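Q: This structure is in structure tokens; I'll ask about it shortly.
The values are calculated or read from the model by the stated rules, or taken from the named source; none is laboratory data. This is a predicted model, so every value here is computed, not measured. Glycine gets a Cβ as well: all are built from the backbone with ideal geometry, and neighbour counts include every protein chain shown.
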Ligand code: RIB
Ligand code: CA
């Protein structure tokens with residue numbers, strides 16, 4: 001059954017990989033729109049990156065709408081040091097000269113959802129800070145009955161990347177995340193517990209770099225940046241966090257997760273943005289927030305699936 005999806009993202013190298021995988025599987029995922037949010041880079045840069053990616057991947061029919069330039073309350077702090085000055089590492093994609101379909105991403109999200117044919121629903125796939133999604137649900141609550149699932153990259157049952165307990169997307173806008181996690185819409189949380197272990201090896205990245213196909217080579221350039229960025233340790237894999245979302249939508253059988261209560265730490269302390277996952281099954285079952293936290297993944301099958309998707313652009 002073909003699933004309607006909307007990608008809300010901050011491209012971002014791993015956002016770009018998620019988009020390429022979704023675009024390679026349009027018979028399974030109908031990408032209705034892309035909305036952008038400041039995160040990896042400023043809103044101008046991530047929006048321009050999204051416009052360049054849809055052009056480069058040959059999916060020009062997918063509209064791109066510019067979303068929130070900053071979190072609900074806090075200042076935006078771009079992750080420049082780990083995504084590069086453009087947000088796509090050292091990869092320079094052709095400029096399109098095009099403007100976004102809308103400068104009001106949240107309104108565009110609501111319009112796109114509310115004009116779905118009767119009986120159809122949409123899955124939201126946020127892979128950046130949750131600012132747009134929180135605003136959408138607060139300003140246009142009538143969209144909730146048309147959203148069947150939110151499959152997001154963010155958080156962690158254990159650990160963090162920006163801090164010991166904060167994962168970047170949640171840490172950037174904790175208040176937005178708390179709104180989304182308590183929206184009552186079913187959520188799959190693709191957190192660092194699985195995304196840290198899903199990615200490409202140095203050899204696989206080098207092989208993409210040496211490939212003459214423009215798309216494969218470009219994704220080699222993008223992911224090669226990870227090999228030189230701080231969180232990467234030689235011999236490990238370069239984690240491609242965001243691509244786990246669209247992978248779960250097509251192959252949930254490759255993952256194991258548990259439904260549990262998730263609270264977001266909205267303090268300014270050392271645990272800012274921590275997703276507090278309650279594993280105590282006996283605790284307050286009535287408070288179940290409908291969040292399925294992914295805990296294990298078949299990383300080999302996922303990696304093979306991703307490489308097949310990227311190399312399919314050679315055909
Ligand atoms: O923590 C990883 C997440 O932060 C990914 O979505 C990456 O693109 C950045 O947005
Ligand atoms: Ca992202």
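Q: Can you confirm whether the stretch 207-221 contains a residue that is closer than 21 Å to residue 155 by Cα, buried (at least 20 other Cβ atoms within 10 Å of the Cβ) and within 16 Å of ligand 1 (Cβ to nearest atom)?
A: no
Q: Of the residues 263, 268, which is modelled with pLDDT of 95 or more and outside any helix (DSSP H, G or I)?
A: 263
Q: Out of 193, 111, which single residue is assigned to a helix (DSSP H, G or I) and without any contact (Cβ under 8 Å) to a residue 24 or more places away in the chain?
A: From the options 193, 111, the qualifying one is 111.
Q: Tell me the residue from 73, 77 that is more than 16 Å from ligand 1 (Cβ to nearest atom), in a loop (DSSP other than H, G, I, E, B) and either under 17 Å from the mean Cα position of the chain (by Cα) or surrounded by fewer than 17 Cβ atoms within 10 Å (Cβ to Cβ) (or both), please.
A: Step by step, each of 73, 77 is checked, and only 73 is more than 16 Å from ligand 1 (Cβ to nearest atom), in a loop (DSSP other than H, G, I, E, B) and either under 17 Å from the mean Cα position of the chain (by Cα) or surrounded by fewer than 17 Cβ atoms within 10 Å (Cβ to Cβ) (or both).
Q: Given the options 131, 121, name the one that is farther than 27 Å from residue 224 by Cα, more than 19 Å from the chain's Cα centre (by Cα) and touching a residue at least 40 places away in the same chain (Cβ under 8 Å).
A: None of the others qualify; the one that does is 121.
Here is a yes/no grid of residues against (1) within 13 Å of residue 124 (Cα to Cα); (2) within 14 Å of the chain's Cα centre (by Cα):
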| site | (1), (2) |
| --- | --- |
| 141 | no, no |
| 152 | yes, yes |
| 155 | no, yes |
| 163 | no, no |
| 166 | no, no |
| 201 | no, no |
| 214 | no, no |
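Q: From the set of residues in the stretch 233-260 that are within 19 Å of the chain's Cα centre (by Cα) and either at pLDDT below 95 or part of a loop (DSSP other than H, G, I, E, B) (or both), which is farthest from ligand 2 (Cβ to nearest atom)?
A: That would be 251.
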